[in-house]
Amino acid sequence: MENVLSIKDLCKDYGKFHVLKSVNLDIPKESIFGLVGRNGAGKTTLMRIITGLAEPTSGTYSIGGISSKDKKILSVRRRMGSIIESPAIYKNLNAYDNVKLQYINLGMTSFDSIPGLLELVDLQGTGRKKAGKFSLGMRQRLGIAVALCGNPDILVLDEPINGLDPQGIIQMREILLRINREKHTTILISSHILEELSKLATHYAFIEKGEILQTLSAHDLMGRVRKASRLIVSSTELICPVFDREGIEYKVENEETIDIFTDVTATRIVSLANEADVEVVSISDNNESLEGYFMNLVAKREGIS
Amino acid sequence: MSRALKSAFFRFFRTKWFLRVLFFSLLTGLIIIINTVTTNYGFIFYMRPRYFDREFMEMCIIGVLIVLPFLIAIFCTSFTGNDLQFRSINNKVATGISRKCIYLADLAAVITATVIGFAVTTGVIFAYYKFWPTRGSQRIDAHIIRITFYVLITCIAFAAFNTLMQYFFSNKFFALIVTLLIIPCILILSQNLEAKLNEPYRYYIENEETGEGAWTLNPHYVGGTSRKVLTFVYDTIPYGFQNFLEEGSSKFEKSMIAGAIVVTVTTAAGIEVIKKRELS
């Protein structure tokens with residue numbers, strides 16, 4: 001698959017503090033690439049470097065095949081939209097003028113497509129209302145509209161759903177999916193809300209302490225996450241000896257909940273429960289979440305180091 | 001560069017800053033006239049402005065030099081400072097506009113606002129001086145034009161300095177405080193320099209009983225190289241009113257050159273600052 005953005009041996013130091021340590025990353029075209037990492041892992045720094053807001057200490061990146069060291073990178077940046085941390089909008093301008101200003105920044109002379117863009121992010125009826133009076137969700141959507149000016153090939157979004165209410169999160173998710181599907185825009189996105197990210201991303205990179213721990217596609221991730229069945233029973237204490245005897249891998253969550261990682265049929269579980277004189281209340285799928293996978297990855301790294 | 005300029009001026013006009021600059025400049029012009037008349041002539045002169053002479057114009061224009069830099073500092077904070085605080089500058093960088101062009105476009109907008117502010121403020125003063133109906137026309141001579149031009153150059157130098165400060169400090173309010181404080185600091189410095197340079201070389205002490213007197217050297221007199229340095233500083237800083245009002249004084253030329261140097265140096269420094277600045 002063609003890569004729209006490639007990062008090679010990128011390092012960023014602030015004095016003696018190494019924020020990014022030789023980061024290598026390839027972002028496939030038309031993907032939604034989730035950047036997963038804890039606070040201070042280096043996600044925002046990486047995005048700031050890609051968008052030209054900060055300079056790397058060493059290493060390069062290329063956008064659409066143009067190296068960051070090439071002077072043409074300035075013109076290639078027109079093909080990139082971004083929101084870093086919070087939307088960069090003028091609070092004393094209305095939504096239309098904010099978007100128009102970005103059109104001017106891009107050197108565009110026709111403003112006919114602005115209403116359509118505002119409609120895409122559901123801000124078509126805001127009229128003269130200043131962006132300073134917008135709700136957080138509206139500001140985030142306006143930020144997306146500004147980032148989408150000029151129909152960019154790549155969208156870099158740092159925590160775009162931070163602080164949004166559940167409805168705002170759903171709305172943002174739908175907008176991003178629509179942009180990716182309809183406009184074929186590649187999206188590089190970071191979020192603390194990993195459950196939400198897992199509903200969007202087609203690819204992931206896990207970053208910890210400035211290092212990329214792993215990159216993989218959502219399909220590969222599905223194959224790697226631990227499958228589990230969640231069992232709710234009258235007593236976990238009584239059933240555990242039976243599972244131990246049968247060599248079933250499990251994890252007790254509380255007195256009534258237990259996760260089973262071994263592939264066992266529901267009939268067999270019920271049969272073993274009967275044997276232990278334990279009542280089975282329910283059995284359901286409880287596959288490891290993206291969060292769990294990431295935490296395991298970090299734990300393994302810390303174990304090694 | 002054209003994208004950066006269009007962007008800066010779109011914001012200048014669309015955010016109503018243009019109208020605010022016009023309004024406050026008009027107000028400043030009126031306040032300077034009222035203050036000059038009240039302080040130096042007395043209330044009665046409002047009705048009898050035919051007695052105003054060139055000195056009145058000089059005082060008004062000095063007033064512009066004192067008040068306008070404060071307005072420039074506030075405008076610069078609101079215009080350039082907001083761009084940094086709202087982080088909307090990121091949008092320009094992300095669209096590939098070079099940082100140098102962003103800085104120059106912002107500077108152009110601030111200088112434009114300064115020139116508009118200056119034109120309106122001095123325009124009000126000139127209009128009052130020239131066309132007030134209760135007296136005959138006053139002559140606007142070369143000396144007045146020279147002072148006016150000098151004030152304009154100095155205001156532009158303040159605009160360039162303030163723009164640099166906004167990019168230099170990450171906090172726009174801190175930058176505002178610095179740019180506001182620099183004005184009284186220069187004023188105090190110029191007064192101190194004026195006092196030092198005006199110390200007589202010697203003074204005459206007379207004995208009251210005998211009536212005999214003798215010349216004594218003034219220990220506070222600054223001479224030699226120190227005098228040359230102080231005179232140079234006094235001539236080049238914006239405020240130094242004694243020399244300022246002297247016809248034929250070389251202060252104008254020196255100060256105008258100093259103003260042009262300030263604009264050039266601060267612009268060069270500002271471009272370096274924005275190039276190296278890590279945008280949040």
Open item on the list: Can you give me the % of accessible surface on the stretch B:138-180 that is carbon or sulfur? Probe 1.4 Å, all protein chains present, nothing else counted.
Closed with: 75 percent
Open item on the list: Taking the Kirkwood radius as the inverse of the mean 1/r across Cα pairs, report the Rg/Rh of chain A.
Closed with: 1.08
- [ ] Taking every pair of Cα atoms in the stretch B:162-228, average 1/r, invert it to obtain the Kirkwood radius, and report Rg/Rh to two decimals.
- [x] 1.37
Open item on the list: Just want to confirm a number: the relative contact order over chain A, from Cα pairs under 8 angstrom separated by 6+ residues, in percent.
Closed with: 19 percent
Task: Antiparallel DSSP beta bridges within chain A, percent to nearest 5 - done: 65 percent
Task: C-alpha long axis of helix A:136-148 to longest principal axis of chain A, angle in ° - done: 60 degrees
TODO: Using only alpha carbon pairs under 8 Å that are at least six residues apart, calculate the relative contact order of chain B and give it in whole percent.
DONE: 24 percent
Task: In the A-B interface, the accessible area buried, summed over both sides, Å² (probe 1.4 Å) - done: 2500 Å²
TODO: May I have the extent of the alpha carbons of the stretch A:83-232 along their three principal axes, as whole Å values ordered from largest to smallest?
DONE: 55, 35, 31
TODO: First select every other residue whose beta carbon is under 10 angstrom from the beta carbon of B:Lys100; then total the charges, Lys and Arg +1, Asp and Glu -1.
DONE: +1
TODO: May I ask you to give the percent of accessible area on the stretch A:162-287 that is carbon plus sulfur, with a probe radius of 1.4 Å?
DONE: 46 percent
Task: Whole-number D in µm²/s for the protein assembly as shown (Stokes-Einstein; Kirkwood sum over Cα pairs; 10 °C, 1.306 mPa s) - done: 54 µm²/s
Open item on the list: Using the Cα centre of the stretch B:92-176 as the reference point, and only Cβ charges (+1 on K/R, -1 on D/E), how large is the resulting charge dipole? Debye, rounded to the nearest 20.
Closed with: 40 debye
Open item on the list: Need the per-residue list for the stretch B:1-23: every residue with at least 30 Å² less accessible surface in the complex of protein chains than in the chain by itself, probe 1.4 Å, sorted by number.
Closed with: B:Arg3, B:Ser7, B:Phe10, B:Arg11, B:Arg14, B:Thr15
- [ ] In whole Hz, with x marking every Gly and Pro, tabulate ³J(HN,Hα) for the stretch A:97-111 from phi via Karplus 6.51 cos²θ - 1.76 cosθ + 1.60, θ = phi - 60°.
- [x] 5, 4, 5, 4, 4, 5, 4, 5, 4, 7, x, 7, 10, 9, 10
- [ ] Compare each residue of the stretch A:42-65 in its chain alone against the assembly with all protein chains, and report those whose accessible area goes down by 50 Å² or more; 1.4 Å probe, heavy atoms.
- [x] A:Leu53
TODO: For the stretch B:111-223, report the translational diffusion coefficient in µm²/s to the nearest whole number, using Stokes-Einstein at 37 °C, 0.692 mPa s, and a Kirkwood Rh over Cα pairs.
DONE: 174 µm²/s
- [ ] Determine, at each q value in 0.13 (inverse angstroms), the log₁₀ of I(q)/I(0) that the Debye formula gives when each Cα of the stretch A:1-107 is one equal point scatterer.
- [x] -0.56
Open item on the list: When a/c reaches 1.5 or more, the comparison of a/b and b/c decides; with that in mind, is the stretch A:113-164 rounded, prolate or oblate per its Cα gyration tensor?
Closed with: oblate
Task: Estimated dipole of the protein assembly as shown in Debye, rounded to 20 [Cβ of Lys and Arg +1, of Asp and Glu -1, Cα centre] - done: 2660 debye
- [ ] Provide, as a two-decimal number, the C-alpha radius of gyration of chain B over 2.2 N^0.38 Å, N being how many residues it has.
- [x] 1.20
Open item on the list: What do you get for the angle between helix A:236-246 and the principal long axis of chain A? Use alpha-carbon atoms, 0 to 90 degrees, nearest ten.
Closed with: 80 degrees
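The values are calculated or read from the model by the stated rules, or taken from the named source; none is laboratory data. Bear in mind the structure is a predicted one, so any value in this text is a computation, not a measurement. Please note: Cβ atoms are built from the backbone with ideal geometry, for glycine as well, and neighbour counts cover all protein chains shown. Protein only, heavy atoms only, side chains kept; ligands, DNA and RNA dropped before computing areas. Shrake-Rupley method; radii C 1.70, N 1.55, O 1.52, S 1.80 Å.
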